[in-house]
Amino acid sequence: MQRSSYPAGGDELMTIDQVQQTLRRSRASIYRYVNTNNETINPPFNPQRLNPEHRKSRREPLLFHPNEVARFARDVMGITTLQVELKTTPPNPTDELLKEILGELKHIREALERVEKLLGS
C-alpha cells in the first residue's frame, strides 16, 4: 500500500534534492533514473524512468511533480510505502515588499478606473 502525504497546495514541484531525500537515493542514482536526452529538451514519457516537468531551456532546473515521484517509486522501484513532503521556504523580506507593492499598484489601478469612469460619463 502506498502512503503519500502532500502539503495543502499539492501542486508544488520537487527539485532533485527533494526527490533524493524522498527516495533515499544518492544524487547520482537519481540522475540515472531521470528521463533526459542529449538531443531533446523534453523527451517523450517513459514509464520506466522518472519524468521531469517540461522545460523551455536546458538551463532550467529539472523539476518533478510529486505524483510522478510517487508513481516512479511504486511502479519502477517497488517502494510500497512512500511519504512525499514538500517544505515551503519561509517568506523573505523581498517577497513581503513585492506583495506590498502589488497591493499599492492594485489600489492605484482602482483609483484610475474610478477617475476614468467619472471623466467618461
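Nothing in this text is a laboratory measurement; each read-out follows from the coordinates by a stated rule. Everything quoted here is computed from the prediction, not taken from an experiment. No Cβ is skipped: glycine too gets one built from the backbone with ideal geometry, and neighbour counts run over all protein chains shown.
Here the simple spin-label model places points 7 Å from the Cα toward Cβ, and for Ile79 and Thr94 these points are separated by 3.1 nm. In this calculation the C-beta distance from Arg55 to Leu119 is compared with R0 = 41 Å, giving a FRET efficiency of 0.30.
If you take the square roots of the eigenvalues of the alpha-carbon gyration tensor of the stretch 28-104 and sort them as a ≥ b ≥ c, do you get rounded (a/c under 1.5), prolate (a/b over b/c) or oblate? Since a/c reaches 1.5 but b/c is at least a/b, the shape of the stretch 28-104 is classed as oblate. Just so you know, the Cα atoms of the stretch 8-51 work out to an Rg and Dmax of 11.8, 37 Å.
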